[in-house]
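Take a look at the structure set out below.
Where a number appears in this text, it was derived from the coordinates with a stated rule and is not lab data. Just so it is clear, the structure is predicted and the values come from calculations on it, not from any experiment. Glycine also receives a Cβ, built like all others from the backbone with ideal geometry; neighbour counts cover every protein chain displayed.
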Amino acid sequence: MRRTRPARITCWARSVSFSRIAFEIISDMDQLPRWILPAAMSVTVTLPCYAVQYLTVPAAQKLCFPDCDRFVAAHVKFTPAQIRAIEAASGQKELLRGQEIWRAVQNGKLQGFFIVDYVIGKHLVIDYAVALSPEGTLKQIEILNYRESYGGEIRNPNWRKQFVGKQPRSRFALDNGINNISGATLSCRHVTDGVRRVLATYEVCLK
């Protein structure tokens, strides 16, 4: 495990259905790309020393698409119309201004999309990646960075495997197609909601 240094984080107050939390915390430049963050005020806090980086983005890309020779950035900055459409399709508030997306390419042919997303566990950010087929079917999900001292069981392969085969129009939620993990309920719920939002992003922005 690696120790993290004190970092600037960005906080904003917003009433959302996202775990009934009105005060959300998203870490700033050291944790998320600045361009996807909403306008917000900044404060300084110390991130916990138990934060773990399981995979870098390049390592996760090769894990999800081992035969691909190129990953072409195709990041999306959302328009207001896209945000409304994503929220309507997923039932989730879109708290970011864009999505980090790469096209996975092998010998010039598109093999799928690699998408990095961010959700709140209980208090801190979880970075995770979703691999989709060109048609939008979920192939794989990987946890990149986990910062909480508990709830890390979401990295369990059997739990993540439940998402494989899900599509933009699939209906699923925690305890409804996706089993919970005792002691990691909030992380399970928020990653599940996040995956639903990522699939909606494919439907709105990539299809």
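Just a few scattered comments:
- Residue within the range 118-126 that is without any contact (Cβ under 8 Å) to a residue 60 or more places away in the chain and among the β-branched types (Val, Ile, Thr) present: no
- The range 162-197: number of residues that are in contact with a Phe, Trp or Tyr (Cβ under 9 Å, 6 or more places away or on another chain) and aliphatic (A, V, I, L, M): 5
- Looking only at the range 159-194, and only at residues there that are part of a helix (DSSP H, G or I) and in contact (Cβ under 8 Å) with a residue 40 or more places away in the chain, the one that is farthest from the chain's Cα centre (by Cα): Leu186
- Residues of the range 132-178 classified as touching a strand residue (DSSP E or B) at 6+ places or on another chain (Cβ under 6 Å), hydrophobic (A, V, I, L, M, F, W, C) and farther than 23 Å from Leu206 by Cβ, total: 0
- For the range 195-207, a tally of residues being under 12 Å from Leu138 (Cβ atoms) and of a type outside the set (Val, Ile, Thr) returns 3.
- Summed over the range 166-189, residues that are among the acidic types (Asp, Glu) and within 24 Å of Pro134 (Cβ to Cβ) total 0.
- Answer residue from the range 74-93, given it is in contact with a Lys or Arg (Cβ under 8 Å, 6 or more places away or on another chain) and closer than 15 Å to Leu206 by Cβ and is surrounded by the fewest Cβ atoms within 10 Å (Cβ to Cβ) among those: Lys77
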